[in-house]
1. Given the Cα-Cα distance of GLU78 and ARG111 and 0.36 nm per residue of separation, how much length would full extension add, in nm?
2. With θ set to phi - 60°, apply the Karplus curve 6.51 cos²θ - 1.76 cosθ + 1.60 along region 278-287 and write out the HN-Hα couplings as whole Hz, x wherever there is a Gly or Pro.
3. Hey, can you grab everything whose amide H is under 5 Å from the amide H of ARG233? Only 5+ residues off in sequence or another chain; H modelled, so Pro and N-termini drop out.
4. Looking only at region 276-315, which residues have a backbone nitrogen under 13 Å from a spot 7 Å from the Cα of ASP251 in the C-beta direction?
5. About the Cα centre of region 222-261, how large is the charge dipole given +1 on each Lys and Arg Cβ and -1 on each Asp and Glu Cβ? Please answer in debye to the nearest 20.
6. Over all pairs of distinct alpha carbons, what does the Kirkwood formula give as the hydrodynamic radius of the chain, in Å?
7. Rounded to whole Hz and in sequence order, give me ³J(HN,Hα) for region 16-23 from the Karplus expression 6.51 cos²θ - 1.76 cosθ + 1.60, θ = phi - 60°, writing x for Gly and Pro.
8. Starting from the Cα of ILE132, step 7 Å along the direction of its Cβ; do the same at TYR356; then give the gap between the two resulting points in nm.
Amino acid sequence: MSDVLESTQVVIEQALKRLGYGQDMIDLLKEPMRLLTVRIPVRMDDGSTVVFTGYRSQHNDSVGPTKGGVRFHPAVTEKEVKALSIWMSLKCGIADLPYGGGKGGVICDPRKMSFRELERLSRGYVRAVSQIVGPTKDIPAPDVMTNSQIMAWMMDEYSHIREFDSPGFITGKPIVLGGSKGRETATARGVVIMIHEALKLKNIPIEGARIVIQGFGNAGSFLAKFMYEAGARVIGISDVNGALYNKDGLDIPHLLDRRDSFGNVTNLYPKTISNEELLELDCDVLVPAAIENQITEENAPRIQASIIVEAANGPTTLEATKIITERGILLIPDVLASAGGVIVSYFEWVQNNQGYYWGEQEIDDKLRVMMIRGFENVYEIHLTRKVDMRLAAYMSGVRKMAEAVRYRGWV
Ligand code: GLU
């Protein structure tokens with residue numbers, strides 16, 4: 001099933017049933033409670049006006065305000081944004097953050113826009129959704145092809161609208177504007193912690209472990225750096241143009257040096273392999289860190305990794321999850337593996353609210369505690385309830401939300 005919303009709904013339903021909830025709870029939580037579609041007119045540099053379509057989806061706010069990134073990408077759809085907001089609820093639930101899930105997106109291609117056009121689009125998006133977002137309502141953050149500069153424009157626009165400084169409106173900001181230390185690297189740090197836990201379970205030492213990473217964006221590139229520094233061998237990486245492979249390990253510092261701001265690097269090398277070939281390389285850990293639906297029932301039987309750690313949102317279909325589980329490959333699902341970003345976003349929001357800022361070490365230590373606790377909870381559900389790791393993660397992720405809904409008397 002490649003429809004990300006439908007496959008999410010299937011697992012949400014299974015999770016709630018296993019937790020003992022009825023159809024009323026399933027009906028409430030399988031769809032976002034609110035979805036806003038907006039049209040954003042943007043004056044382009046050549047004087048023309050282009051009208052962009054954007055979304056903000058809020059899954060459920062029974063636990064607290066909704067939280068999640070805004071992506072700028074040509075393939076954004078309403079369904080995808082809805083699914084992504086549900087996944088954010090699950091991440092927040094697994095990490096035990098006081099948030100529900102939210103997500104936004106704008107259909108656009110930032111690679112083809114100028115800096116000023118991007119600024120106008122970012123500000124236009126905030127004006128369009130301003131009524132339903134805010135530090136105690138719904139807190140945006142970076143996602144695919146949005147970054148700290150875009151967060152800065154969005155925060156500035158929101159502060160103008162509200163007529164007061166509101167750093168807690170958005171996370172992933174530059175440090176000088178109230179961003180948190182460690183936020184930029186947080187998703188990758190979280191993935192590293194999960195890789196360590198998974199390697200321990202499989203009795204594979206990190207030293208020399210063969211790692212393949214699909215995607216060289218924010219998560220993929222920092223992950224490659226940290227794995228390289230930890231003594232693992234990063235034998236394959238890829239970007240949208242293709243993939244690079246070296247069985248003895250790639251020269252990651254060199255590739256990081258040559259990478260552009262969108263994560264492109266393979267176009268600089270004559271000898272590349274395809275993204276499909278990359279996924280099937282013989283390795284210890286495969287990390288899909290790019291986009292959805294990369295591991296499918298078609299290629300899952302040929303995956304040679306012992307461990308798959310999903311740094312991207314939704315990289316594996318449900319059919320592929322079944323095949324991977326049956327083949328004994330240890331899967332660390334997206335809603336657990338990629339929770340590091342929102343965890344440090346939570347720290348950023350807490351620091352903004354209290355006006356007192358923590359050092360990098362404190363952030364790292366707190367992140368580690370939350371990631372490992374999340375992993376242990378999911379793994380225990382997997383063992384005791386005899387469900388696959390994805391269903392275990394969904395059960396862990398939705399449990400608190402369903403309880404909060406009950407207490408509030410909504411269902
Ligand atoms: N966009 C990131 C995610 O998918 C981070 C969200 C956040 O920091 O709120 O988890």
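Bear in mind that the values in this text are calculations on the coordinates, not laboratory data. Quick caveat: nothing in here was measured; it's all calculated off a predicted structure. Neighbour counts are summed over all protein chains in view; Cβ atoms, including those assigned to glycine, are modelled from backbone coordinates with ideal geometry.
1. 9.7 nm
2. Running phi through 6.51 cos²θ - 1.76 cosθ + 1.60 with θ = phi - 60° gives 4, 4, 9, 5, 6, 7, 8, 10, 10, 10 Hz.
3. GLY208, ALA209, ARG210, ILE211
4. none
5. Dipole size: approximately 100 debye.
6. The answer is 21.3 Å.
7. Running phi through 6.51 cos²θ - 1.76 cosθ + 1.60 with θ = phi - 60° gives 5, 4, 4, 7, x, 8, x, 4 Hz.
8. 3.6
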